[in-house]
Amino acid sequence: MFSRILIANRGEIALRILRAARELDIETVAVYSTVDRGAAHVRQADHAICIGPAVASESYLNIPRIISAAEIANVDAIHPGYGFLAENAHFAEVCRSCNIEFIGPSIESMQLLGDKVSCKQLAIKHKVPISPGSKGKVETEEEAIKIAKQIGYPVIIKAAAGGGGRGMRVVHNYMALRSGYKAAMVEADACFGDSSVYVEKFIEHARHVEVQVLGDQHGRLVHLFERDCTMQRRHQKLIEESPCPVVSEEERDALCKSAVRLCKAANYHSAGTVEFLMDTQTHEFHLMEVNTRLQVEHPVTEMVTGIDIVKTQIRVAAGEKLAFTQRDVKIRGHAIETRINAEDPANGFAPSPGRIERFDPPGGPGVRVDTHCHGGYVVPPNYDSMIAKLIVHQPAREEAIATVRRALGEFRIEPIATTIPLHDRLMRNGQFLRGDVDIHFVERLLEK
Ligand code: MV4
C-alpha cells in the first residue's frame, strides 16, 4: 500500500479523499492556493503545501507546481479528485514519468475513452447501444448532410474532444446543419485544439442514467449499478439518485452489462462511469460518454451498495485485487443526493460567494453531508460553487424523499443564497415524485 499520497484538489472532495486515505493508514499531503490557506483540507492533512494564487491555472490546474509539491513531499501517488486535472491524460503521463502513481485509470484508457469518436467506435465493436449516426468523425459538410438525411432530423453535432455538454449543437433541419457544421468545427478547434466532430441522431426526450464501474489492475471489473442524474440545469447536475426509479430489472441488467463490456474492452481499471441517455418513450439506451474519474455523485452509489468507492480506488491503484465480485454487489434501498451550491436560484443562479456566518448541517437517521464548510467559512469566488452535498439513504424512494425534505428543513446556511429553496421545491414536485421527468425538465420548470 502507499505510505503517502498527495491530493490534487480542494473543497469537499479533498476532504473525502483525505478521510479514505486516513482509514487506509496513508499519510496525506494537501495542496492549496493562497485563498484556501485556512481550508479544512489544509488543516486536516498531515502536510500541506501552498502551490500558488487563487486562479486555478496557477494552482490546482498547474501541473509543474503540483508535481513539484509531490516531489518535495516525496509521495507515492496523487489523487486528482474530480474536475481540475482528473481527466487530463497528459497529467497522468507526467505522473508516470516522475514515478508517481496516478490514482485513476491507465493513460491508454483515458485517451481511448476520452476521445468520443474512439469511445463510440469501441462501443459499436462491443455491441454497446449507441445513437445512430456517423461511424467516425465527419470530415466534410457533404458527409454530415448525407448522414443527417439517412438518420433524420434533429441531429446533434458533437466535438470528439468535448464532453459534459461542451462542444455540441443541435440542428433541426438542413439549413441549420449547413451553417452549424463549420461553426461546430471552428468552436471545437477553439475550445479543445481539435476540430474533429461527429454527428448522431438527437434523442429529444431522455433521462440521464449512468453506470458506476470499479476495476482492478488484474482484469477484474464490476459495476455498482446505476444512478439517475436527469435532474440537471445547463449540464450541471442538481439531484442524483440510485437506483433509477424507472428502469426495470431486465433493463438494469442489460445496461450494467453493456457498461462492463465497454470498460473491459478498454482494459479499464479504477473508478469510472458510463453515461447513457434513456429514451423516455421507448426506454432504449444510447451511450453518451465515459467519465474516467471519480464523480461528484459517487456517494449515492456508496450508500446503496455499501462499497467505499474512494478507498477501493486507492487500493486498486496500489495494485490490490478487488476484494469482492459482481455477485457481492447488491442494491440496498434508495439514495438521493442534492447539490447545495452557493448560487441564487431566484436571481438566475448568480454565484453568491462570501462569508457564511451560520452553517448548521442536518443530521439524524439516513443523512450524510459531504462538505468543507463551517460557520465563518468564506466561499471564494474563484472556483465551482458547490459547497455541500446532502445525501440520504432509506429503504425506499418515498422515504428517501421525505428524509431529503426533513434534512433540507434543518439545513441553515446564512446569509449567502443557496440552492436549498430550489431543492425543497423540486422534492415536492409531482412530476419528480412520479418519475415523469427528462433532462430538460428543470429548465422548463424555471421558465414558467
Ligand atoms: C445527446 C443528447 C441527445 N441525443 N446526444 C449532453 C452532455 C453530453 N454528455 C452529451 N449530451 C447530450 N447528448 C444525443 N444523441 C442530449 C444530451 C444532453 C443535453 C442536450 C441538450 C441540452 C441539455 C442536455 C442535457 C443533458 C444531455
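Out of curiosity, is A144 assigned to a helix (DSSP H, G or I), of a type in the set (A, V, I, L, M), touching a helix residue (DSSP H, G or I) at 6+ places or on another chain (Cβ under 6 Å) and in contact (Cβ under 8 Å) with a residue 24 or more places away in the chain?
It is true that A144 is assigned to a helix (DSSP H, G or I), of a type in the set (A, V, I, L, M), touching a helix residue (DSSP H, G or I) at 6+ places or on another chain (Cβ under 6 Å) and in contact (Cβ under 8 Å) with a residue 24 or more places away in the chain.
Exactly one condition in (1) surrounded by fewer than 18 Cβ atoms within 10 Å (Cβ to Cβ); (2) of a type in the set (G, A, S); (3) within 12 Å of the ligand (Cβ to nearest atom); (4) free of Cβ contacts under 8 Å to residues at least 40 places away in the same chain is not met by G167; state its number.
Checking G167 against (1) surrounded by fewer than 18 Cβ atoms within 10 Å (Cβ to Cβ); (2) of a type in the set (G, A, S); (3) within 12 Å of the ligand (Cβ to nearest atom); (4) free of Cβ contacts under 8 Å to residues at least 40 places away in the same chain, the one that fails is (1).
With respect to V437, is the statement that it is assigned to a loop (DSSP other than H, G, I, E, B), among the aliphatic types (A, V, I, L, M), within 16 Å of the ligand (Cβ to nearest atom) and touching a residue at least 12 places away in the same chain (Cβ under 8 Å) true?
Criteria met by V437.
Which residue out of G348, G375 is more than 24 Å from the chain's Cα centre (by Cα) and surrounded by fewer than 20 Cβ atoms within 10 Å (Cβ to Cβ)?
G375
Just name the residue that is nearest to the ligand (Cβ to nearest atom) out of those in segment 183-208 that are over 21 Å from the mean Cα position of the chain (by Cα) and among the aromatic types (F, W, Y).
Checked segment 183-208; the qualifying residue nearest to the ligand (Cβ to nearest atom) is F202.
D194 versus (1) among the charged types (D, E, K, R); (2) under 28 Å from N267 (Cβ atoms); (3) in contact (Cβ under 8 Å) with a residue 40 or more places away in the chain: which is the lone unmet condition?
The single condition D194 does not satisfy is (3).
Just to check your reading of the model, which residue among I103, I63, I67 is free of Cβ contacts under 8 Å to residues at least 40 places away in the same chain and in contact with a His (Cβ under 8 Å, 6 or more places away or on another chain)?
Sole residue among the options that is free of Cβ contacts under 8 Å to residues at least 40 places away in the same chain and in contact with a His (Cβ under 8 Å, 6 or more places away or on another chain): I63.
Would you mention how many residues in segment 88-137 are away from the ligand (no atom under 14 Å from the Cβ), basic (K, R) and out of contact with any Ser or Thr (no Cβ under 8 Å at 6 or more places or on another chain)?
Looking only at that region, the number is 3.
From the list A259, A254, exactly one residue is at pLDDT 95 or above, within 16 Å of the ligand (Cβ to nearest atom) and in a helix (DSSP H, G or I). Which is it?
The unique qualifying residue is A259.
For segment 409-421, indicate whether the set of residues that are within 16 Å of the ligand (Cβ to nearest atom), crowded, with 18+ Cβ neighbours inside 10 Å and in a loop (DSSP other than H, G, I, E, B) is non-empty.
no
If I filter segment 209-233 down to residues being under 22 Å from A159 (Cα atoms) and surrounded by fewer than 21 Cβ atoms within 10 Å (Cβ to Cβ), which single residue comes out as nearest to the ligand (Cβ to nearest atom)?
Top of the filtered list is Q232.
Considering only residues of segment 296-311 that are out of contact with any strand residue (DSSP E or B) (no Cβ under 8 Å at 6 or more places or on another chain) and outside any helix (DSSP H, G or I), which is surrounded by the most Cβ atoms within 10 Å (Cβ to Cβ)?
Looking at the filtered set, the residue picked out is D308.
If you check D384 against the conditions, is it outside any loop (DSSP other than H, G, I, E, B) and either of a type in the set (D, E, K, R) or free of Cβ contacts under 8 Å to residues at least 40 places away in the same chain (or both)?
No.
The values are calculated or read from the model by the stated rules, or taken from the named source; none is laboratory data. The shown structure was predicted, so the numbers you read here are calculated from the model rather than taken from an experiment. Here Cβ is always computed from backbone atoms with ideal geometry, including for glycine, and neighbour counts include all displayed protein chains.
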